[in-house]
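K.L.:
Handing you this structure, nothing more for now.
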Amino acid sequence: MAWLSAVREWFLLREAERLAEGCTDDARAEVRVLGAGIDARAKMAREAADEHFDAVSVVLLAQALELATSAVLIGKGELACGSVLGRAELIRRLESGELAELGLSESLVELAEIVASDDPSRVDRLEPQRRRDAIALLSASLKRVRKRYEVRTRRRIRVLRWLRLSGLGLLLLAMLTGGVVWALMPSNVARGKPVTASSVRAGTPSPGGLTDGEVTDGYGAHTENDGKAWFTVDLLVPHRIDRVIVHHRGDGYHSDPLPLALELSLDGQTFQRAALRDGTFTHKKPWRVKLGGQTARYVRLRVDRKDPNSYLALGEVEVYGKPSR
Ligand SMILES: [Ca+2]
């Protein structure tokens, strides 16, 4: 798979090192000069094509390809520093198959003759589609040839390889650590668990609305004015509880159930108070209670005042913890 090879090369830089290995310092300096010219022409060719100056783009790309082919040959010591392959020579080598290792298309020969014509308007007089085809062919060829010369030293390539591999290692480590942390993070164990209530006001949702995972502008559960209002979430097995988040109803009346007690139990009969809330909270600014790993199966919210008309209506209760062993 081509993309896999490209990724492998990006990290390992084997081909880059091989190219740099066979290059003298003088040749590298020369290739670097040519490389800057190639980059500039390729960039300007893209801009010219964007502006629909296709003929200009073709000429620039053809020049860049000449320079790139020269850079490859200089890097390999097959062309003297300071020389550039002339167009006639480039066409001859393309035709004779001497540049076969660059994997260039044979269509380039025909195109090179057009570009190398003595008539500078030759490219301008091509059909628009022909010019676009020429841009595509030259761009693909240039991309291929640019991979065949190297302007970096071996030392620089090795440092780059080390940096890239280290970065990859750190990324994998971070992902692994993140995955472990995520796996160890307590989840909302109240979600979908059964809820009982001191009473259910007629026409209101069943108490299960308290653990359905939804915090709405209404309420999840609502008791009658029974004077002893409570909701109990049954976690089914004892849990080490890290924290509890209580979202109030979303439609106001936030002071009605205060003070509100949060109580824990292992057997559903005997409850211990874990926290008491006097101040108002809302559905958007919920009551957050840290429990530090206290063990319980039942989590109860109870209106803690003597009032024959008291009732309880809440939006959602979240309990974060892990089953205790
Ligand atoms: Ca809810």
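The values are calculated or read from the model by the stated rules, or taken from the named source; none is laboratory data. Not measured: the values here are computed from a predicted model. Neighbour counts are summed over all protein chains in view; Cβ atoms, including those assigned to glycine, are modelled from backbone coordinates with ideal geometry.
K.L.:
Determine which member of the set Leu258, Leu235, Leu276, Leu264 is modelled with pLDDT under 95 and either under 41 Å from the mean Cα position of the chain (by Cα) or more than 16 Å from the ligand (Cβ to nearest atom) (or both).
P.N.:
Exactly one of Leu258, Leu235, Leu276, Leu264 is modelled with pLDDT under 95 and either under 41 Å from the mean Cα position of the chain (by Cα) or more than 16 Å from the ligand (Cβ to nearest atom) (or both), namely Leu258.
K.L.:
Could you count how many residues in the range 308-325 are within 16 Å of the ligand (Cβ to nearest atom) and not in a strand (DSSP E or B)?
P.N.:
1
K.L.:
So, in the range 188-197, how many residues would count as being part of a loop (DSSP other than H, G, I, E, B) and buried (at least 17 other Cβ atoms within 10 Å of the Cβ)?
P.N.:
3
K.L.:
Please specify each residue of the range 211-232 satisfying the condition of being on the phi > 0 side of the Ramachandran plot and within 16 Å of the ligand (Cβ to nearest atom).
P.N.:
Scanning the range 211-232 gives a single hit, Gly213.
K.L.:
Just a yes or no: is a residue in the range 26-33 of a type in the set (D, E, K, R), within 16 Å of Leu142 (Cβ to Cβ) and buried (at least 22 other Cβ atoms within 10 Å of the Cβ)?
P.N.:
no
K.L.:
Still on this model: If I go through the range 64-104 residue by residue, how many of them are farther than 12 Å from Val145 by Cβ and not in a helix (DSSP H, G or I)?
P.N.:
Taking the range 64-104 as the starting set, the residues that turn out to be farther than 12 Å from Val145 by Cβ are 74, 76-84, 86-89, 91-93, 95-98, 100.
With the extra rule that they be not in a helix (DSSP H, G or I), the set shrinks to 76-84, 86, 97-98.
Looking only at that region, the number is 12.
Here's the yes/no breakdown for (1) within 37 Å of the chain's Cα centre (by Cα); (2) at pLDDT below 85; (3) assigned by TED's automatic domain parsing to the domain that holds Leu126:
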site	(1), (2), (3)
Leu12	yes, no, no
Glu17	yes, no, no
Ala36	yes, no, yes
Ala55	no, no, yes
Leu67	no, no, yes
Cys81	no, yes, yes
Gly86	no, yes, yes
Glu101	no, yes, yes
Glu113	no, yes, yes
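K.L.:
Which residues, taken from the range 198-237, are crowded, with 18+ Cβ neighbours inside 10 Å and either free of Cβ contacts under 8 Å to residues at least 12 places away in the same chain or part of a strand (DSSP E or B) (or both)?
P.N.:
Correct list: Ala221, His222, Trp230, Phe231, Thr232, Val233, Leu235.
Each row is one residue, and each column tells you yes or no for (1) aliphatic (A, V, I, L, M); (2) away from the ligand (no atom under 16 Å from the Cβ).
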{"site": "Ala136", "(1), (2)": "yes, yes"}
{"site": "Arg144", "(1), (2)": "no, yes"}
{"site": "Ala174", "(1), (2)": "yes, yes"}
{"site": "Arg191", "(1), (2)": "no, no"}
{"site": "Ser198", "(1), (2)": "no, yes"}
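K.L.:
From the list Glu89, Glu95, Glu47, which one is free of Cβ contacts under 8 Å to residues at least 12 places away in the same chain and closer than 20 Å to Glu110 by Cβ?
P.N.:
Glu89
K.L.:
If we keep just the residues of the range 279-307 that are crowded, with 21+ Cβ neighbours inside 10 Å and within 16 Å of the ligand (Cβ to nearest atom), which is farthest from the chain's Cα centre (by Cα)?
P.N.:
Checked the range 279-307; the qualifying residue farthest from the chain's Cα centre (by Cα) is Leu301.
K.L.:
Out of (1) touching a strand residue (DSSP E or B) at 6+ places or on another chain (Cβ under 7 Å); (2) closer than 18 Å to Thr69 by Cα, what's the single condition that is false for Pro186?
P.N.:
Result: Pro186 passes all but (2).
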